[in-house]
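K.L.:
For reference, the structure I am asking about is given below.
The values are calculated or read from the model by the stated rules, or taken from the named source; none is laboratory data. This one's a predicted model, so the numbers in the text were calculated from it and none came from an experiment. Backbone-built Cβ (ideal geometry, glycine too); neighbour counts: all protein chains shown.
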Amino acid sequence: MGGKEWHESSLAAKIHLYRVWLGLSMEELAVRAEISTSYLSKIERGGSVPSVDVLERLATGLKTTAARLLSGEPPFGTSPAPELPSAPTPRNLRPIVVRCNQRKIIRPPNSELNYELLTPDLQRQLEFTWVRYPPHYQSPGFNHVGEESLFCLRGSVRVIINGEEFLVNEGDCLSFDPSVPHHVINDTDEEAILISAETPASF
């Protein structure tokens, strides 16, 4: 399901990668940068270039500098990446209900899909997402570390894992090693809805 691609010359992809690395939702970074979530989404998709002022605020929110974001070097270069907690903190372990109308929406750059986060945030070891695959849609190939399970809530999809095909119908659950290249195909006339469970979180 997950898996993020970026090009070293892409400001949009670099902003996205820093945000994901820090475990920030799009809403959280938008608040830090004092811009709207829709504007940030447009920036991360490459549909808009931020002004110098906005770029400075984004850089501050991402714990880096505007110069670093604009440079052609890889996001973290040879210096240490921003520090992340190695395990959930007590704050993350308290009971939290995510209401169906309060899910955080994640849309990776150059993706047609919206991933609705079922877990409260991106700073956890486990990530659940709700994904809608439109009719006749084929995802790009992904691979990432950890473990993943896909539960088909509605419809039917084909999941290709390292060239091997698995048909996943409504009510079926597929578990696999996501470090192996994989992609999802919905070649039916109906929308398919899948729930993805991943550890560690890939967004």
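K.L.:
Search segment 29-72 for residues being touching a residue at least 24 places away in the same chain (Cβ under 8 Å) and charged (D, E, K, R), and hand back the single one that is surrounded by the most Cβ atoms within 10 Å (Cβ to Cβ).
P.N.:
Glu44
K.L.:
Looking at segment 117-125, can you tell me whether even one residue there is in a strand (DSSP E or B), within 21 Å of Ser179 (Cβ to Cβ) and assigned by TED's automatic domain parsing to the domain that holds Ile96?
P.N.:
First pass over segment 117-125, keeping only residues in a strand (DSSP E or B): 117.
Narrowing further to those that are within 21 Å of Ser179 (Cβ to Cβ): none.
No, segment 117-125 contains no residue that is in a strand (DSSP E or B), within 21 Å of Ser179 (Cβ to Cβ) and assigned by TED's automatic domain parsing to the domain that holds Ile96.
K.L.:
Let me ask another. Please specify each residue of segment 176-203 satisfying the condition of being over 16 Å from Asn114 (Cα atoms) and over 19 Å from the mean Cα position of the chain (by Cα).
P.N.:
Within segment 176-203, Asp187, Thr188, Asp189, Glu190 qualify.
K.L.:
Among the residues of segment 138-158, write down those that are assigned to a strand (DSSP E or B), within 22 Å of Leu118 (Cα to Cα) and of a type outside the set (Gly, Ala, Ser). So that I can check it myself, show each step before the final result.
P.N.:
First, the residues of segment 138-158 that are assigned to a strand (DSSP E or B): 138, 142, 147-154, 156-158.
Still in the list and also within 22 Å of Leu118 (Cα to Cα): 142, 147-154, 156-157.
Phe142, Glu147, Glu148, Leu150, Phe151, Cys152, Leu153, Arg154, Val157 - these are the residues of segment 138-158 that are assigned to a strand (DSSP E or B), within 22 Å of Leu118 (Cα to Cα) and of a type outside the set (Gly, Ala, Ser).
K.L.:
Let me ask you something else. Any residue at all in segment 140-153 that's closer than 22 Å to Ser25 by Cα and touching a helix residue (DSSP H, G or I) at 6+ places or on another chain (Cβ under 6 Å)?
P.N.:
no
K.L.:
So, of the residues in segment 180-196 that are touching a Cys at 6+ places or on another chain (Cβ under 9 Å) and surrounded by fewer than 21 Cβ atoms within 10 Å (Cβ to Cβ), which turns out to be farthest from Pro135 (Cα to Cα)?
P.N.:
Here is the first cut: in segment 180-196, the residues touching a Cys at 6+ places or on another chain (Cβ under 9 Å) are 192-195.
From what is left, the residues that are surrounded by fewer than 21 Cβ atoms within 10 Å (Cβ to Cβ) are 193, 195.
Details: Ile193: 11, Ile195: 17 Å.
The qualifying residue farthest from Pro135 (Cα to Cα) is Ile195.
K.L.:
I'm trying to understand the selection: among the residues of segment 103-134, which are surrounded by fewer than 16 Cβ atoms within 10 Å (Cβ to Cβ) and hydrophobic (A, V, I, L, M, F, W, C)?
P.N.:
Ile105, Leu126, listed by residue number.
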